[in-house]
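Peer 1: One structure coming up, written as C-alpha cells, with questions to follow.
The values are calculated or read from the model by the stated rules, or taken from the named source; none is laboratory data. Small disclaimer: the values here were computed from a predicted structure and weren't measured. Cβ placement follows ideal geometry from the backbone for every residue including glycine, while neighbour counts extend to all protein chains displayed. SASA here: full protein model, heavy atoms, side chains in, ligands and nucleic acids out. Shrake-Rupley method; radii C 1.70, N 1.55, O 1.52, S 1.80 Å.
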There are 4 protein chains.
Amino acid sequence: MDFNDVKKEVIQFTKDRNWDQFHSPENLAKSIVIEAAELLECFQWGSDYDINAVKEELADVMNYCIQMADKLDISIEDCIMEKTKKNAEKYPIEKSYGSSKKYTELQS
Amino acid sequence: MDFNDVKKEVIQFTKDRNWDQFHSPENLAKSIVIEAAELLECFQWGSDYDINAVKEELADVMNYCIQMADKLDISIEDCIMEKTKKNAEKYPIEKSYGSSKKYTELQS
Amino acid sequence: MDFNDVKKEVIQFTKDRNWDQFHSPENLAKSIVIEAAELLECFQWGSDYDINAVKEELADVMNYCIQMADKLDISIEDCIMEKTKKNAEKYPIEKSYGSSKKYTELQS
Amino acid sequence: MDFNDVKKEVIQFTKDRNWDQFHSPENLAKSIVIEAAELLECFQWGSDYDINAVKEELADVMNYCIQMADKLDISIEDCIMEKTKKNAEKYPIEKSYGSSKKYTELQS
C-alpha cells in the first residue's frame, strides 16, 4: 500500500471518531513518547522480542507521527530529508564511519 | 519526495557510515524513545513550540522507525494498516465518538 | 545526608528561582520522562556507561519526582510502600521467583 | 516511614524474587523510562488526572531509581545534592528567576 494512502486512512480514522479535538501538537508529542516506551517495553529485559508486539507498537508510534505532521501541516518526507541533510553535515562519512559517538564528541 | 525514496536515502545514510552494527532492534527501540522525548522537550513547559525544532525531532523519531522496520524486514505501511484495522475493532465509531477514553474503559 | 533534607534543598532551589509556576503536575510528568530518556541515552548503544553521566541523569529524574510529590502534597515514602504492597500481591514469591514475566502472564 | 527503610524494603522485594539477575543498569534505565511514560499517560489528553494512578506510577519510577542506585552502589541523596550544586551554577538566581529557559539560552 502506498504511504500516502496510509496517511489518508489514519487521518480519516481520527476524523470518523471526532478525536481531532484531543490532538493538539503537545498531546501528540506526549502520545508519541508513550507509544515509544511501549515499544521499548518489548525489549525491557533483553534483546529477545515478540515480532507481533513490536509491529503493533511501532505502528502506534508512526500513527501519532502522521497525526502530528497532519496537524502541523508539514510533510513527513520533507522533514526527514531536511534532517538527513543536516545529519550529513554533522556526521561526515570520514569522521563518523563505524563510530557511535555523538557529533559533539567526534574528533576534528 | 516519495516515501520509498526517503526510506532508501535514510538506509543508505546508515550504510555509508557503517552504523548498521549499532542498529539492533533493541538499540533502535531505545533510540526511538530517546528522540520522542526530545520531541516532547519542545513542549516541556507548555503548548507553545518552535516549529523548526519540532520538525527536526519528529524527523529523528521517524528516521529510527524506518531503520527499525528495515532491520526487521517489515513494511511500515502494512504495520500501520493492520494496527488501524485492530483499532477500528477496539474503538467502534458509535462507542468512541468524541471520547478520549481507553478501549478498556469504553462502556458496552 | 538525610533524604528529608535533600527534599527541602531541592524544593528551596525551585522557590528561589520562582519556578513553581512552571511545575504543574502535567509539566512535571513530561519532565520526568524527558530526564528518564536522557538517562537511557547513557545506554543507547550498549551496556557500557559513564558513571558520572548516569549519576547526573538519575539525579534529574529523582529531582522532578520530588517536585511532583511536593506539588501533589503526597509522601514519596508512602507511595512506594503502598505500591510495594500491591506488587507483592501481583507477584507472589512462589509464582514470580526468577521470572521476568508480567503478572498478567504468570501462570496460576 | 524513613526513606532508608523504604529502600531496604524495595531491595528485599527484588531479592526475595531473585529478580536481581534482570536488573542490569541498562535494563533499569529502560524500566525507568517505561514507567515514566506510564506516569505521563495519566496526563496524555490534558492536565486532569487520577491521583491514585499518578501515585502508583510515580512509585514505580522511584522504585526503579532506587534499584539503579543500589545496583551502582551510589547514594541517591549524594547524587541529587551534587547535581543541585551544579544546577545552582548553571542557573544563578539573578539570571534564571522566573524563567523556564534552558541554561544554554540564558542571557549573560
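Peer 1: Using a Gaussian network model on chain C with a 10 Å cutoff between Cα atoms, which of C:Ile76, C:Ile93, C:Ile51 fluctuates the most?
Peer 2: Taking springs between Cα atoms under 10 Å, the residue moving most is C:Ile93.
Peer 1: Need one word for chain D: rounded, prolate or oblate. Basis is the Cα gyration tensor (sqrt eigenvalues a ≥ b ≥ c); a/c below 1.5 gives rounded, then a/b vs b/c decides. List each step's numbers first, then the result.
Peer 2: On the way: a/c = 2.27, a/b = 1.46, b/c = 1.56.
Since a/c reaches 1.5 but b/c is at least a/b, the shape of chain D is classed as oblate.
Peer 1: Report, to the nearest whole %, how much of the accessible area of the protein assembly as shown belongs to carbon and sulfur atoms, 1.4 Å probe, protein only.
Peer 2: Within the protein assembly as shown, the accessible surface is 42 percent carbon and sulfur.
Peer 1: List, shortest first and in nm to one decimal, how far the label point of C:Ile74 (7 Å from Cα along Cα→Cβ) is from its counterparts in the other copies.
Peer 2: So the distances to the same position in the other copies read 2.6, 3.3, 3.4 nm.
Peer 1: Return the aspartates and glutamates within reach of C:Lys95: Cα separation strictly under 20 angstrom, same-chain partners fewer than 8 residues apart disregarded; answer none if there are no such residues.
Peer 2: Here the aspartates and glutamates satisfying the reach criterion relative to C:Lys95 are C:Glu105, D:Glu9, D:Asp16, D:Asp20.
Peer 1: Related question: Per-residue HN-Hα couplings for segment D:41-48, Karplus 6.51 cos²θ - 1.76 cosθ + 1.60 at θ = phi - 60°, whole Hz, x for Gly and Pro?
Peer 2: 4, 4, 10, 4, 10, x, 8, 5
Peer 1: Now for a different question. Please compare each pair in B:Lys7/B:Lys86; A:Lys55/B:Lys90; B:Lys83/D:Lys55; B:Lys30/C:Lys102; A:Lys7/B:Lys15; A:Lys86/D:Lys90 to a cut-off of 23 Å on the Cα-Cα distance and tell me which ones are over it.
Peer 2: Details: B:Lys7/B:Lys86 26 Å; A:Lys55/B:Lys90 17 Å; B:Lys83/D:Lys55 31 Å; B:Lys30/C:Lys102 20 Å; A:Lys7/B:Lys15 28 Å; A:Lys86/D:Lys90 29 Å.
Beyond 23 Å between Cα atoms: B:Lys7/B:Lys86; B:Lys83/D:Lys55; A:Lys7/B:Lys15; A:Lys86/D:Lys90.
Peer 1: Now a separate question. Cα centroid distance between segment A:1-17 and segment B:7-31, in Å?
Peer 2: Segment A:1-17 and segment B:7-31 have Cα centres spaced 27 Å from each other.
Peer 1: State the answer as a single residue: which of D:His23, D:Thr104, D:Ile80 lies farthest towards the positive end of the charge dipole of segment D:22-108, with beta carbon charges of +1 for Lys and Arg and -1 for Asp and Glu, about the Cα centre.
Peer 2: D:Thr104
Peer 1: Take chain B, connect every pair of alpha-carbon atoms lying under 10 Å apart with a spring to form a Gaussian network, then pick out the residue of B:Asp20, B:Asp73, B:Asp50 with the largest mean-square fluctuation.
Peer 2: B:Asp50
Peer 1: How far apart, in nm, are the 7 Å Cα→Cβ label points at B:Lys101 and A:Ser99?
Peer 2: In this crude spin-label approximation the distance works out to 5.5 nm.
Peer 1: Shifting gears a bit: Starting from the Kirkwood radius over alpha-carbon pairs of segment D:55-108, derive D by Stokes-Einstein at 25 °C in a medium of 0.890 mPa s and give it in µm² s⁻¹.
Peer 2: On the way: Rh = 13.4 Å.
Estimated diffusion coefficient is 183 µm²/s.
Peer 1: With a probe of 1.4 Å, find how much accessible area chain A has per residue, and write the answer as a whole number in Å².
Peer 2: Details: 5130 Å² over 108 residues.
Per-residue value: 48 Å².
Peer 1: Need one value for D:67-73: mean number of C-beta atoms belonging to other chains within 10 Å of its residues' C-beta atoms.
Peer 2: Shielding by partners across D:67-73 averages 2.
Peer 1: Work from the charge dipole of segment A:1-72 (Cβ charges, +1 for Lys and Arg, -1 for Asp and Glu, about the Cα centre) and give the residue of A:Ile11, A:Ala59, A:Gly46 farthest towards its positive end.
Peer 2: About the Cα centre, the residue reaching furthest to the positive side is A:Ile11.
Peer 1: Normalise the Debye intensity by I(0) for the protein assembly as shown, one equal point scatterer per Cα, no solvent, then take log10 at q = 0.07, 0.08, 0.13 Å⁻¹ and round to two decimals.
Peer 2: Taken in order of the listed q values, log10 I(q)/I(0) reads -0.34, -0.45, -1.25.
Peer 1: Still on this structure, I have one more. Taking θ as phi - 60°, what are the ³J(HN,Hα) couplings along segment A:7-23 by the Karplus curve (6.51, -1.76, 1.60), each to the nearest whole Hz, with x for Gly and Pro?
Peer 2: So the Karplus estimates, Gly and Pro as x, are 4, 4, 4, 5, 5, 5, 3, 5, 4, 4, 9, 6, 8, 3, 4, 8, 8 Hz.
Peer 1: Here is a follow-up. Treating only the Cβ of Lys, Arg, Asp and Glu as charged (+1, +1, -1, -1), what charge dipole size does chain B show about its Cα centre? Round to the nearest 20 debye.
Peer 2: Working: 14 positive and 22 negative charges, 109 e Å.
That gives chain B a dipole magnitude of about 520 debye.
Peer 1: Moving on. As a test of the definition: with a 1.4 Å probe, what buried accessible area, both sides summed, do you compute for B against A, in Å² to the nearest 100?
Peer 2: Values: alone 8750 and 8770 Å², together 11910 Å².
Buried surface at the B/A interface: approximately 5600 Å².
Peer 1: Compute the relative contact order of chain D as a whole-number percentage, counting only Cα pairs closer than 8 Å that sit 6 or more residues apart in sequence.
Peer 2: Values: 52 pairs, mean separation 28.5, N = 108.
The normalised contact order for chain D reaches 26 percent.
Peer 1: Something else: Using a 1.4 angstrom probe with every protein chain in place, what is the largest-first accessible-area order of C:Lys83, A:Lys86, D:Lys85? Mind showing how you got there, number by number?
Peer 2: On the way: C:Lys83 20, A:Lys86 100, D:Lys85 145 Å².
Greatest to least solvent exposure: D:Lys85, A:Lys86, C:Lys83.
Peer 1: Hey, for D:Lys90 with labels 7 Å out along Cα-Cβ, what do the inter-copy distances come to in nm, ordered shortest first?
Peer 2: From this label point to the equivalent ones elsewhere in the assembly: 1.8, 3.2, 3.6 nm.
Peer 1: While we're looking at this one, here's another question. Just from the alpha-carbon atoms, what are the Rg and Dmax of segment D:1-56 in angstroms?
Peer 2: Considering segment D:1-56 through its Cα atoms, Rg and Dmax are 14.5, 39 Å.
Peer 1: Can you compute the charge dipole magnitude of segment D:1-58 about its Cα centre, using +1 on each Lys and Arg Cβ and -1 on each Asp and Glu Cβ, nothing else charged? Give it in debye, rounded to the nearest 20.
Peer 2: My answer is approximately 260 debye.
Peer 1: Here's another thing I want to ask about it. Roughly speaking, what is the centre-to-centre gap between segment B:44-78 and segment A:75-103 when only Cα atoms are used, to the nearest Å?
Peer 2: A separation of 14 Å, based on Cα centres.
Peer 1: Here's another thing I want to ask about it. Would you calculate the separation in nanometres between label points at C:Thr84 and D:Asp48, each defined as 7 Å from the Cα along the Cα-to-beta-carbon direction?
Peer 2: In this crude label model, C:Thr84 to D:Asp48 measures out at 3.5 nm.
Peer 1: Then there's this: Let me know the charge dipole size of the protein assembly as shown about its Cα centre in debye, to the nearest 20, where only the beta-carbon of Lys, Arg (+1) and Asp, Glu (-1) is charged. Before the final figure, lay out the partial values.
Peer 2: Details: 56 positive and 88 negative charges, 0 e Å.
Charge dipole of the protein assembly as shown: 0 debye, to the nearest 20.
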